[in-house]
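Chemist: Please read through the structure below; I'll follow up with questions.
What follows is calculated from the coordinates using simple rules that are stated; it is not laboratory data. Remember, it's a predicted structure, so these values are computed and weren't measured experimentally.
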Amino acid sequence: MLRIGLLTSGGDCQALNATMRGVVKGLSNNVKDLEVYGFEDGYKGLIYGNYRLLTAADFSGILTRGGTIIGSSRQPFKLMRVPDANGLNKVEAMKQNYHKLRLDCLVILGGNGTQKTANLLSEEGLNIIHLPKTIDNDIYGTDLTFGFQSAVDIATTAIDQIHTTASSHGRVFIVEVMGHKVGWLTLNAGIASGADIILLPEIPFDTRKVCDAIEKRHSNGKKFTILAVAEGAIPKEIAKLEKKEAKKAMEKIKSKYPSISYKLAADITELTGYETRVTVPGHVQRGGSPDPFDRVLSTKIGVYASQCILKQEYGIMVASVNNEIKKVKLSECAGKLKMVDPNDQTVQLAKFMGISFGD
Ligand code: F6P
């Protein structure tokens, strides 16, 4: 008998179900006796012993279904060693529930924070496999995360649709793209949709340079300008500050404006006189079905994970490296962030064709 646990943690994304389907189909096609336990709502289910036995039927017809059939929640890594309100030791509780079910392995789907707890559980002696999920694509050790490409598609469509209205009205438009502290989603959706200006957290922007780029376009006869702005974009003068001071300065902006994009829009209007609007697609970027690319990537990742389980290879993340699915040691990637390198070829080529990064 092989017993595995599944858990999805952190912000959801497309292809979580497709990935779990890959794991379970890979196992059930090769193992006679299999039990799969789904922990409900991420680590919360593992801590408090909320789980259900899943059957083959649960994994049928879910390749295209967005979200996660077992639910998710955010359980910050930094609080994992802190007892809960009733004094419960969360790490011990997770270990006990794992052992109570006599699991051979726990497959954990999640992003950076999730990965840190996965590594902690691995260090505590549990058999763990982490599968890299996030629309942010910021997990160190893998070129791609599932969910990313589907989110690029949605953000691209959002910017495409803004193009027509921006051009009719001759307006400046900011589309704020998700991505937390990194700019992968903005960079890719920005290029895919022909944005004129792309602002990323990794390349702090100078508002004057952004305005210069807008004015240059307008003096070349263009009536409108589209900016793809990462939610984590940061002005140059703030990026120069000490971490604490920078945090304070960003909090001050957010006390006055809903996000950095609205502050930038106000500054653009003040400095150039151009009417500027902001559109925030928000969680739409995480919703709906995985696109075909993500369906293939997540299926490969899931099935590869099933092979690792059969070979008893644990303490790993299943990654996509140079277009090949591989295993990477959890201890080598946990706690690291994969950011856009400002010297990255994609950034340099975009700059060469005239896209401004506001630097
Ligand atoms: O990590 C995925 C993500 O969608 C980020 O891009 C975004 O900053 C964050 O989650 C939003 O989190 P929440 O769903 O908790 O508002």
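Chemist: Using a 10 angstrom cutoff on alpha carbons, build the Gaussian network for the chain and name the most mobile of Met80, Met317, Met339.
Modeler: Between Met80, Met317, Met339, it is Met80 that shows the largest mean-square fluctuation.
Chemist: Something else about it: Could you list which residues have their amide H under 5 Å from that of Glu35, counting only those 5 or more apart in sequence or on another chain, with H placed in the peptide plane?
Modeler: HN-HN under 5 Å from Glu35: Leu2, Arg3, Ile4.
Chemist: Using a Gaussian network model on the chain with a 10 Å cutoff between Cα atoms, which of Ser259, Ser28, Ser168 fluctuates the most?
Modeler: Of Ser259, Ser28, Ser168, the Gaussian network model singles out Ser168 as fluctuating most.
Chemist: Continuing with the same structure: Before rounding to the nearest 500, sum -39500 (n - 2.57) across all DSSP H runs of length at least 4 in the chain and divide by the residue total; then give [θ] at 222 nm in deg cm²/dmol.
Modeler: Using -39500 (n - 2.57) per qualifying helix, the result is -12500 deg cm²/dmol.
Chemist: Continuing with the same structure: Quick one: compute the contact order of the range 101-146, relative version, from alpha carbon pairs under 8 angstrom and 6+ residues apart, as a percent.
Modeler: Answer for the range 101-146 is 37 percent.
Chemist: Using θ = phi - 60° and the Karplus relation 6.51 cos²θ - 1.76 cosθ + 1.60, list the HN-Hα couplings for the range 19-30 in order, rounded to whole Hz, with x at every Gly or Pro.
Modeler: Each residue's phi maps through the Karplus curve to give 5, 5, 4, x, 4, 6, 5, x, 6, 5, 6, 10 Hz.
Chemist: Apply the Karplus parameterisation 6.51 cos²θ - 1.76 cosθ + 1.60, with θ equal to phi minus 60°, to every residue of the range 56-72 and state each ³J(HN,Hα) to the nearest whole Hz, in sequence, with x for glycine and proline.
Modeler: 4, 4, 5, 9, 8, x, 10, 4, 9, 7, x, x, 9, 5, 10, x, 9
Chemist: Here is a further query. Indicate, rounded to the nearest 5 percent, the antiparallel portion of the DSSP beta bridges found entirely in the chain.
Modeler: 25
Chemist: Round to the nearest 10 and give me the degree value, 0 to 90, for the angle of helix 148-169's Cα axis relative to the longest principal axis of the chain.
Modeler: For 148-169 against the chain, the angle is about 20 degrees.
Chemist: For the chain, calculate the relative contact order in percent as a whole number, restricting contacts to Cα pairs under 8 Å that are 6 or more residues apart.
Modeler: The normalised contact order for the chain reaches 24 percent.
Chemist: Relative to the compact globular guide of 2.2 N^0.38 Å, what is the alpha carbon radius of gyration of the chain, as a ratio?
Modeler: Normalised Rg, Cα atoms only: 1.07.
Chemist: Could you pull the Cα extents of the range 1-71 along its three principal axes, largest to smallest, in whole Å?
Modeler: Result, largest extent first: 32, 28, 14 Å.
Chemist: If you don't mind, another one. Pairing the Cα long axis of helix 292-310 with the longest principal axis of the chain, what angle in degrees results, from 0 to 90 and rounded to the nearest 10?
Modeler: Roughly 30 degrees, rounded to the nearest 10.
Chemist: Okay, moving on. Give the long-range amide H neighbours of Thr279: residues separated by 5 or more places, or on another chain, with amide H under 5 Å away, using H modelled in the peptide plane at 1.01 Å from N.
Modeler: For Thr279, the qualifying residues are Ile174, Val175, Glu176.
Chemist: Taking 8 Å as the Cα distance limit and 6 or more residues as the minimum spacing, I'd like the relative contact order of the range 64-218 as a percentage.
Modeler: The value is 14 percent.
Chemist: Still on this model: Using the alpha-carbon atoms, what tilt in degrees (0 to 90, nearest 10) does helix 207-219 show relative to the longest principal axis of the chain?
Modeler: 60
Chemist: Karplus couplings for the range 249-255 from phi (6.51 cos²θ - 1.76 cosθ + 1.60, θ = phi - 60°), rounded to Hz, Gly and Pro as x?
Modeler: So the J values, rounded to whole Hz, are 5, 5, 5, 5, 4, 6, 7.
Chemist: While we're here: Quick one: which residues, 5+ away or cross-chain, put their amide H under 5 Å from the amide H of Lys133? H built at 1.01 Å from N.
Modeler: Gly110, Gly111
Chemist: Another question, if that's okay. Direction-averaged shadow area of the convex hull around the Cα atoms of the range 67-221, nm²?
Modeler: Result: a mean projected hull area of 12.8 nm².
Chemist: Additional query: Looking at the chain as a GNM with Cα springs under 10 Å, which of Gly61, Gly110, Gly335 has the largest mean-square fluctuation?
Modeler: Gly61
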